[in-house]
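Here the structure comes first, spelled out in structure tokens, and everything after it is commentary.
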Amino acid sequence: MQSVKTQPEKQIITVAHSPDSDDAFMFYALATHKLDTGNIQFEHVLQDIQKLNEEATRGTYEVTAISFHAYAYVADKYFLLPHGASIGDNYGPVLVSRQPETAADISNLKIAVPGTLTSAFLALRIFNPDIKFEVVPFDQIIEAVESGACDAGLLIHEGQLFYEAKGLHKILDLGEWWHEETGLPLPMGGNAIRRDLKPEIIRQASQCLRDSIRYSLDHREDALQYAMQFARDMDPELADRFVAMWVNERTLDYDERGREGVRRLLAEGFARGIIPYAVDVQFVQ
């Protein structure tokens, strides 16, 4: 009697990321099954970055997008993956207002921020710890400023590209300020993987993520077309600009300046009393 070969059982790895065009671009090959992922079956969960940061404190997902600020509080549960970072070199989150303001006015403004665990919020507090703020979902911040509910808004994601078209004024680009102060890129978010997974699964998942980013960069038109469904009314040209800002060769590998940017951001947060302890930043090798 001929024996029947059974397929090895696949390990399900949940990948959680934001419903944004840059993350969608990055995960295009995995989400559309363009890659051989071996014995790993990836399942995708889409949530707002603030929610992802909160879930990471509970170790909910095996792989998760995460703000580097939030990583300070989950470093005992997660390693940083060496691929998938959003890092701005001389550009970053933009603080905008309805009326023209200067950086000297920041302490007098109520600022809409996208979450207290975001790296944008950490960078703003490093710039000026004396701020008044209200947490507003990132895709509602421009509306909060336009309506007068808040005096200013801290923009991440695509709002960085079209706030001028809404008649808003730039107070400060935190990426430009950070570059002037440190000479380093300003890291916003990355991907992290749970420490309790088997080492071979961690290595394999890391390689799959890198392969997905590489595939998207090599098949840019197809990946961008897929990402457009998450582009929130951006036209293709604007979406392409936005994706290029946050998914590029540094997304494949931080390089040493990128890694030093992460270490410096968290060290500055600790030195200024924003983060309660020094953070040992550990990457998957």
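Annotation: of all residues in the range 118-134 being in a helix (DSSP H, G or I) and hydrophobic (A, V, I, L, M, F, W, C), the one that is most open to solvent (accessible area, probe 1.4 Å) is 127.
Right, residue 138: under 19 Å from the mean Cα position of the chain (by Cα) and modelled with pLDDT under 95 or not? For residue 138, the condition - under 19 Å from the mean Cα position of the chain (by Cα) and modelled with pLDDT under 95 - is met. Checked against the criterion of being of a type outside the set (Gly, Ala, Ser), assigned to a loop (DSSP other than H, G, I, E, B), surrounded by fewer than 22 Cβ atoms within 10 Å (Cβ to Cβ) and in contact with a Pro (Cβ under 9 Å, 6 or more places away or on another chain), the range 76-89 contains one or more residues that satisfy it.
Restricting 112, 75 to residues that are among the aliphatic types (A, V, I, L, M), touching an Asp or Glu at 6+ places or on another chain (Cβ under 9 Å) and under 16 Å from residue 264 (Cα atoms) narrows the list to 75. Screening residue 53 with (1) at pLDDT below 95; (2) part of a loop (DSSP other than H, G, I, E, B) gives one miss only, at (2). For first residues located in the range 260-278 and under 13 Å from residue 184 (Cα atoms) and without any contact (Cβ under 8 Å) to a residue 40 or more places away in the chain, partners that are open to solvent by 20 Å² or more (accessible area, probe 1.4 Å) and assigned to a loop (DSSP other than H, G, I, E, B) and lie 6+ apart or on another chain with Cβ distances below 6 Å form the pairs 263/281.
The values are calculated or read from the model by the stated rules, or taken from the named source; none is laboratory data. Keep in mind that what you see is a predicted model, and the values were worked out from it rather than measured. Cβ atoms come from the backbone with ideal geometry, glycine included; neighbour counts cover every protein chain shown. Heads up: the accessible areas ignore ligands, DNA and RNA and are worked out on the full protein's heavy atoms, side chains in. Shrake-Rupley method; radii C 1.70, N 1.55, O 1.52, S 1.80 Å.
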